[in-house]
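To keep things clear, I will list the structure first and then write my remarks on it.
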Amino acid sequence: MVLLIVLFWVFFALAVHPYITYPIVILVLSSLRAQPLQENSKKPLISVVVPAYNEEDTIERRVRNLLELDWPGDRLEVVVASDGSSDRTNEVVGALAASDPRVKLLDLPRGGRCAAINAGVAAATGEIVVLTDASTEFAPDVIAKLASHFGDDRVWVVVGTVNMLPFERTPLNFTEGLYWRFESRLRQMEARAGLAFIGSGACIACRRDRFPVLEDDASDDLNLVLKVVSNGGRALQVANIGVYDYMDGDVNRQIQSRTRRVVRSLTTISRNAAIMNPLNHPDYAFCVISHKVLRWMSPLWLIGMLVTSAALYNVPFYQGVFFAQVAFYGLAGLGFALRRLSVSRWFPLAVPLGVVIANIAFLRGLISFVAGRRMQIHEPARLGEQ
C-alpha cells in the first residue's frame, strides 16, 4: 500500500509540474534575471517569408496585409515559398508579384514546410527574416516592433506572441483560449529569464546570417530557436504586438494537429541533444523537459493517478480522489456528446473536454514518436472543412 501511495503522489507531482510548480520557478527566475536590452532605431531590410501550400483562399489577403505594414516600402520584401501548391496559389501570387516588385514567388516542388522555409530564406535578401503563415494577420506596426529588438547583438531571434481568435464558438475554442493565455504568459516569463526556447510559426524573426538549416521532419519554430540558443544566440518573446491567427474547434482536427505537433517537436528535441545536456545547459534542459516533455507525457501521469487511486479504493481519501477523476472524465464525455449544443461551452463541460482531447493527442503523439513515425509532409486541414 505504501508503494501505491508513493506512486500516486509521484504521478500527481509530475502531472501538475508543467502547469503549477514550473511556472512558479520561472516567475522567480524572471524577476531575478531580467536584463535590459538595447533597442534598434535603424530600418533594416526585412524579408517576410510565407511558406504556403494550397492557400488560394487566404494568400492574397495575407500578402496585401504585409505590403500595407507601417514600414518603408524600399525596406520590405515578401517571399512566398509555394510548397508544390496544386490550386491557384501560384497564379494569385504571380499576379501580385507582377504588380509589385516587392513580392517574390518561389514555385517549389512538394517538400514540406521546412524545405519551403529553407528555400524562402535562401532567396531572401533582408538583414532580418520574418516567418509567418498564410492564415495570420499582422497589425500595421508588427515589423517595427520586431525590428526594434535587434539593436542588441546578443538577440538573434524575436518571437511575436500570437493572439488566437476563434473561428467559431465551440467548447474546444473556449479551453484553447485559456490554454493560449497561460502559454503566452509562461513564454514571456521564460524570455525575461533569458530562457526563451519556443518559436511561433505565425510570427518569428531571425537575423538572416544566423538562420540555421531546418530538418524536414522537425518542428520549424521550435527547431529554429533551439538551434539559435545552442549556437550562443538569445531569443526574445514579445507580447501584444498585434499578431492574430485562428483556432479550429473541431475535435478531429484538434487531435490531428496536436498529435503532429508532438511528433515533430519530439523529433526536434532529439535532434538538438546538446541543449538537453544538463552539464552544458542545465537551465535550458530544465525548461525544455518541464515545459514540453513532461507536459506531453501527462496522459501517462493521469492514467497512473487513476490506476493507483483505484488500487487504493479502500482508503477513504483515495476513494474520493478516484471518484473525482471518474466524474471529471464523465463530464468530458458529456461535453463531447453535447459539443454541437451551446450548453457544451459551459465551463464544467468545456474544460474537462479540452483537457481530455489534448491528452488523447499527446498520447497518440508519444506512441507515434516511440514507434519511429516521422512527419516530413502532411496535408493540412483547412478551417471550415468537414
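The values are calculated or read from the model by the stated rules, or taken from the named source; none is laboratory data. Fair warning: this is a prediction, and the values are worked out from it, not measured in the lab. Here the Cβ is made from the backbone with ideal geometry for all residues, glycine too, and neighbour counts use every protein chain on show.
State whether the residues of region 173-186 include one that is surrounded by 23 or more Cβ atoms within 10 Å (Cβ to Cβ) and aliphatic (A, V, I, L, M).
Scanning region 173-186, I find no residue that is surrounded by 23 or more Cβ atoms within 10 Å (Cβ to Cβ) and aliphatic (A, V, I, L, M), so the answer is no.
Working only within region 248-268, note down all residues that are of a type in the set (Gly, Ala, Ser) and surrounded by 18 or more Cβ atoms within 10 Å (Cβ to Cβ).
In the first step, residues of region 248-268 are kept if they are of a type in the set (Gly, Ala, Ser); the result is 249, 257, 265.
Answer for region 248-268, where residues must be of a type in the set (Gly, Ala, Ser) and surrounded by 18 or more Cβ atoms within 10 Å (Cβ to Cβ): 249, 265.
Would you check which residues across region 138-172 are modelled with pLDDT of 90 or more, surrounded by 23 or more Cβ atoms within 10 Å (Cβ to Cβ) and of a type in the set (A, V, I, L, M, F, W, C) and list them?
Correct list: 138, 142, 143, 146, 147, 150, 156, 157, 158, 159.
Sort out which residues of region 191-226 are in contact with a Phe, Trp or Tyr (Cβ under 8 Å, 6 or more places away or on another chain) and surrounded by fewer than 22 Cβ atoms within 10 Å (Cβ to Cβ), and write them in order of number. Spell out the reasoning first.
Filtering region 191-226 down to residues in contact with a Phe, Trp or Tyr (Cβ under 8 Å, 6 or more places away or on another chain) leaves 195, 197, 203, 205-207, 210, 222, 224-226.
Correct list: 207, 210.
Does region 310-328 hold any residues that are over 17 Å from residue 355 (Cβ atoms) and assigned to a helix (DSSP H, G or I), and which are they?
Within region 310-328, the subset over 17 Å from residue 355 (Cβ atoms) is 310-320, 322-323.
The answer is 310, 311, 316, 317, 318, 319, 320, 322, 323.
Report, ordered by the first and then the second residue, all pairs with beta carbons closer than 9 Å, sequence separation of six or more or different chains, a first member in region 291-308 that is within 20 Å of residue 269 (Cα to Cα), and a second member that is at pLDDT below 95 and not in a helix (DSSP H, G or I).
Going by the 9 Å Cβ cut-off, the qualifying pairs are 291/197; 291/198; 292/197; 292/198.
Of the residues 95, 122, which is farther than 25 Å from residue 215 by Cα and surrounded by fewer than 18 Cβ atoms within 10 Å (Cβ to Cβ)? Give the steps one after another, and end with the answer.
Details: 122 fails: farther than 25 Å from residue 215 by Cα.
Going through 95, 122 in turn, just one is farther than 25 Å from residue 215 by Cα and surrounded by fewer than 18 Cβ atoms within 10 Å (Cβ to Cβ): 95.
From the list 81, 115, which residue is part of a helix (DSSP H, G or I), in contact (Cβ under 8 Å) with a residue 12 or more places away in the chain and within 24 Å of residue 226 (Cβ to Cβ)?
Working: 81 fails: part of a helix (DSSP H, G or I).
Exactly one residue qualifies, and that residue is 115.
Cβ-Cβ under 8 Å, sequence separation 6+ or interchain: first residue in region 142-160 and within 13 Å of residue 43 (Cα to Cα), partner small (Gly, Ala, Ser) and loosely packed, with under 15 Cβ neighbours inside 10 Å. Which pairs?
Correct list of pairs: 148/41; 151/41.
For region 227-247: of the residues being in contact (Cβ under 8 Å) with a residue 60 or more places away in the chain and crowded, with 23+ Cβ neighbours inside 10 Å, which is nearest to residue 194 (Cα to Cα)?
Filtering region 227-247 for residues that are in contact (Cβ under 8 Å) with a residue 60 or more places away in the chain and crowded, with 23+ Cβ neighbours inside 10 Å, the one nearest to residue 194 (Cα to Cα) comes out as 235.
Rundown of residues vs (1) of a type in the set (Phe, Trp, Tyr); (2) in contact with a Cys (Cβ under 7 Å, 6 or more places away or on another chain), yes/no style:
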position: 148; (1), (2): no, no
position: 153; (1), (2): no, no
position: 180; (1), (2): yes, no
position: 190; (1), (2): no, yes
position: 193; (1), (2): no, no
position: 218; (1), (2): no, yes
position: 222; (1), (2): no, no
position: 239; (1), (2): no, no
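Restricting region 115-144 to residues that are in contact with a Gly (Cβ under 8 Å, 6 or more places away or on another chain) and charged (D, E, K, R), which is nearest to residue 49 (Cα to Cα)?
The qualifying residue nearest to residue 49 (Cα to Cα) is 133.
Please work out if residue 217 is at pLDDT below 90, in contact with a Gly (Cβ under 8 Å, 6 or more places away or on another chain) and more than 19 Å from residue 185 (Cα to Cα).
Numbers: at pLDDT below 90: yes; in contact with a Gly (Cβ under 8 Å, 6 or more places away or on another chain): yes; more than 19 Å from residue 185 (Cα to Cα): yes.
Here the answer is yes, as residue 217 does meet what is asked.
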